[in-house]
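Accompanying notes for the structure given below.
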Amino acid sequence: MTLTTHIIIATALSKPFFHADPALVFFIALSSHYLSDAIPHWDYRLGAVRHIEGGDIGEHEVLRDRALITTDLMKIACDIALGSAIVYLAVQPEHTIAGLLPLTLAIAGAVLPDSLQPVYWLGGRWPITWIHRFHTFMHASIRLGRDRWTDNKFILIGKVSQLALLLAALSLAIS
Ligand SMILES: [Zn+2]
């Protein structure tokens, strides 16, 4: 699932608690990542990340190719920037620490699980292995898109489901 979608969903769900404990905002945002990953969705492809032949759905390796890694990091940075800009405009927080902290924590919680994935692929040990196993367990086993690039029908369904989710969360974040 794109990080933009994760950020919007996390903001929509944690926004009612923005005036409560910041730890609660972060926890809700983090939980929302795992729960929304369970919904079949589309993902964009990362050039430096390859699925290990015959491995489990979450088993990938990172190709040590500087050009591919740079392109991937730029894609990810754009994805996070887009999501952050959308929720910033939707929430319109006050420019104070108290106003900006909850939104920052919602964004951080939304992207953290995917940020830890490369740490595992590069040989991370416990607790990264445990977190990775939980992430894979929560991920839709019929994850649309990445594993079915040859079938346009599945990619389309995954994009539509994610767009619907994104719009629903956005309307919640704005309200
Ligand atoms: Zn994820």
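Quick rundown of the values:
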| quantity | calculated |
| --- | --- |
| Scope segment 13-41; condition in a helix (DSSP H, G or I) and either among the β-branched types (Val, Ile, Thr) or within 13 Å of the ligand (Cβ to nearest atom) (or both); matching residues | 25, 28, 29, 30, 31, 32, 33, 34, 35, 36, 37 |
| Options 11, 70; residue that is over 30 Å from residue 171 (Cβ atoms), at pLDDT 95 or above and over 11 Å from the mean Cα position of the chain (by Cα) | 70 |
| Unmet criterion (only one of (1) within 16 Å of the ligand (Cβ to nearest atom); (2) more than 27 Å from residue 134 (Cα to Cα)) for residue 91 | (1) |
| Condition check for residue 53: away from the ligand (no atom under 16 Å from the Cβ), surrounded by 13 or more Cβ atoms within 10 Å (Cβ to Cβ) and either at pLDDT below 90 or within 16 Å of the chain's Cα centre (by Cα) (or both) | no |
| Complete set of residues in segment 16-47 that are over 18 Å from residue 138 (Cβ atoms), surrounded by 21 or more Cβ atoms within 10 Å (Cβ to Cβ) and either of a type in the set (Gly, Ala, Ser) or modelled with pLDDT under 95 (or both) | none |
| The listed residue being away from the ligand (no atom under 16 Å from the Cβ), closer than 23 Å to residue 163 by Cα, assigned to a helix (DSSP H, G or I) and in contact (Cβ under 8 Å) with a residue 12 or more places away in the chain, out of 107, 86 | 86 |
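The values are calculated or read from the model by the stated rules, or taken from the named source; none is laboratory data. Predicted, not measured: the structure shown is a model, and the values here were computed from it. Positions of Cβ are generated from backbone atoms using ideal geometry, with glycine treated the same way; all protein chains shown enter the neighbour counts.
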